[in-house]
Amino acid sequence: MRGRGRMTERRMTTDALRLGMYVSRLDRPWVETPFLFQGFILEREEDLQTLRSLCREVVVDAERSRVHVPEAAGARRRPEPARTSKPVFREAVQAAARARGRGHRLVKRLFQDIRLGRSIDTEEAQAVVAEMVDNITRDADASLWITNLKNRDEYTSLHCLNVCVLTLAYCRHLGYERDELERIGLGALLHDVGKARVPKEILNKPGRLSDEEFAVMKRHTVDGYEMLSGSGKLSDLTLRIVRSHHERVGGQGYPDGLAGSDIPEPVLAVGIADAYDALTSDRPYKDGLAAEKALGILHKEAPREFGAELMEGFIRCVGIYPIGSLVELDSGALGLVISAEPTHRLFPRVLLVRSPNGQTMQERRILDLAARQETARVRRVVQPRDTGVDVQAVMLMESGLARAGSLPVDLPGTDDQ
């Protein structure tokens, strides 16, 4: 009987699960879950959502399921790399920071060239995206960490970079291959180039735009598409992302009012990354939202904006505690989240910045909560402005963009990481 059961088992991602399937094994111990039985039929939507929040992959027994189980269900999605006990975090972050610096200089030059009527160097943009793909393939967490380095006075250029990184991380999570990632990433990097033609008084206007101003703003999608399509060097997917990243599944988007399946998944993925970074970024006229609040807003709006399933996948990718979040542990210590691995959603790795007694950490220390589940847990997410922790200072030093001691929070490096 055991042999026959194994022959009918299918390993699949939780994204591919459906009600009526028999889940026989998980990618984590059963005791770490609220399920009473080791093996059960998925009968309730609540159980399906719980599985998706806790696990990346499960094993389904096709013979014991009440619905058809495809042979290769979820096969396109690749497993996450193994969790290491002593990650070389700083080196990965600094590599991502170097790529970000090159990308930032490129994007600013692209916007300047457009304003001056010059042609756009798409070949250099392709090289920058290829480097970003390399970094995300090696360590997506490090690249996501860098997206938290923001400057409200350079919102547009940094936003293009952040959307590119967020999109690449998510589409890799979805299982896209390298050549697809490069085309998608290029579209994400260039998605807002049309804004170079939007007057700055509209682009940076505090408050609500008038109908006339909003019509000018919406034109950036078509302007970007038209100025890039003439080069003949960009793929249809890249160009479609530039034109359609504001389309929405409910049909209320622009410029073409597309709806549902008429909008490709990568285009919607860029739309999610675009909206998430916009909500969490400081602007000249407003402060950004905390990551968990932004995710809550997007999740609520998802059915008519991006589709509930794709939005939930993004939340699983960036994590319950998104990278860069400041969290308080049960001990009272404060740490910055540096890992968002789907198999350890409730137990991230954190960079400790303040001890339980409220002292600034004088030695950089990374704590792996998954290895200390009985003694170290996240109590809550806290706002940096409420704690006095200068998160940007910590991130700048960890990224190699500022030397230790030059900023308010001093966290010198150590060899053991």
Looking at (1) closer than 25 Å to Ala294 by Cβ; (2) without any contact (Cβ under 8 Å) to a residue 12 or more places away in the chain, which is the one condition that is false for Gln252?
(2)
Among the residues that make up segment 274-295, is at least one of them touching a strand residue (DSSP E or B) at 6+ places or on another chain (Cβ under 9 Å) and not hydrophobic (A, V, I, L, M, F, W, C)?
yes
Note down all Cβ pairs under 9 Å where the first residue falls in segment 38-49 and is assigned to a strand (DSSP E or B), the second is surrounded by 13 or more Cβ atoms within 10 Å (Cβ to Cβ) and of a type in the set (S, T, N, Q), and they're at least six residues apart or on different chains.
Phe40/Ser24; Ile41/Ser65
Looking at (1) at pLDDT 90 or above; (2) closer than 28 Å to Ala169 by Cβ; (3) of a type in the set (Phe, Trp, Tyr), which is the only condition Phe89 fails?
(1)
Complete set of residues in segment 224-236 that are under 27 Å from the mean Cα position of the chain (by Cα) and under 12 Å from Leu190 (Cα atoms)
Gly224, Tyr225, Leu228, Leu234
Based on what the data block shows, is Asn148 of a type outside the set (D, E, K, R) and in contact with a strand residue (DSSP E or B) (Cβ under 8 Å, 6 or more places away or on another chain)?
no
Identify, by number, the condition in (1) closer than 20 Å to Leu346 by Cβ; (2) surrounded by 14 or more Cβ atoms within 10 Å (Cβ to Cβ); (3) modelled with pLDDT under 90; (4) more than 25 Å from the chain's Cα centre (by Cα) that Trp30 doesn't meet.
(2)
In segment 33-47, how many are under 16 Å from Val67 (Cβ atoms), at pLDDT below 85 and surrounded by 13 or more Cβ atoms within 10 Å (Cβ to Cβ)?
1
Answer with yes or no whether Val327 is of a type outside the set (D, E, K, R), in contact with a Ser or Thr (Cβ under 8 Å, 6 or more places away or on another chain) and either on the phi < 0 side of the Ramachandran plot or surrounded by fewer than 21 Cβ atoms within 10 Å (Cβ to Cβ) (or both).
no
From the option list Ser244, Ser231, single residue qualifying as touching a residue at least 24 places away in the same chain (Cβ under 8 Å) and closer than 22 Å to Thr122 by Cα is Ser231
Show the residue pairs that are 6+ apart or on different chains and have beta-carbon atoms under 8 Å apart, the first residue being within segment 78-101 and more than 17 Å from Ile323 (Cα to Cα), the second being in a loop (DSSP other than H, G, I, E, B) and modelled with pLDDT of 85 or more.
Arg78/Gly175
Which one of these does Ala308 not meet: (1) surrounded by fewer than 18 Cβ atoms within 10 Å (Cβ to Cβ); (2) touching a residue at least 12 places away in the same chain (Cβ under 8 Å)?
(2)
Restricting to segment 265-305, name every residue that is among the basic types (Lys, Arg), over 15 Å from Val249 (Cβ atoms) and free of Cβ contacts under 8 Å to residues at least 60 places away in the same chain.
Lys293
Go through segment 202-231 and give me each residue that's surrounded by 14 or more Cβ atoms within 10 Å (Cβ to Cβ) and small (Gly, Ala, Ser).
Gly224, Ser229
What residue, of Arg118, Arg178, is farther than 27 Å from Gly324 by Cα and either surrounded by fewer than 21 Cβ atoms within 10 Å (Cβ to Cβ) or in contact with a Cys (Cβ under 8 Å, 6 or more places away or on another chain) (or both)?
Arg118
Search segment 66-77 for residues that are at pLDDT below 50 and pair each with any residue that is of a type in the set (Ser, Thr, Tyr) when their beta-carbon atoms are under 9 Å apart and the residues are at least 6 apart or on different chains.
Ala73/Thr13; Gly74/Thr13; Gly74/Thr14; Ala75/Thr13; Arg76/Thr13; Arg76/Tyr176; Arg77/Thr13
So is Leu258 surrounded by fewer than 21 Cβ atoms within 10 Å (Cβ to Cβ), among the aliphatic types (A, V, I, L, M) and under 18 Å from the mean Cα position of the chain (by Cα) or not?
no
Filter segment 104-154 for residues that are within 14 Å of the chain's Cα centre (by Cα) and β-branched (Val, Ile, Thr); which is nearest to Thr238 (Cα to Cα)?
Val133
Helices (runs of 4 or more DSSP H) wholly in segment 135-241 with at least 2 residues that are modelled with pLDDT under 90 - which ones?
155-174, 200-203
Which of the residues that make up segment 85-125 are within 30 Å of Ile366 (Cβ to Cβ) and of a type in the set (A, V, I, L, M)?
Val88, Ala92, Val93, Ala95, Ala96, Ala97, Ala99
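The values are calculated or read from the model by the stated rules, or taken from the named source; none is laboratory data. Predicted model only: the values in this text are computed from it and were never measured. All Cβ positions, even for glycine, are placed from backbone atoms using ideal geometry, and neighbour counts span all protein chains on display.
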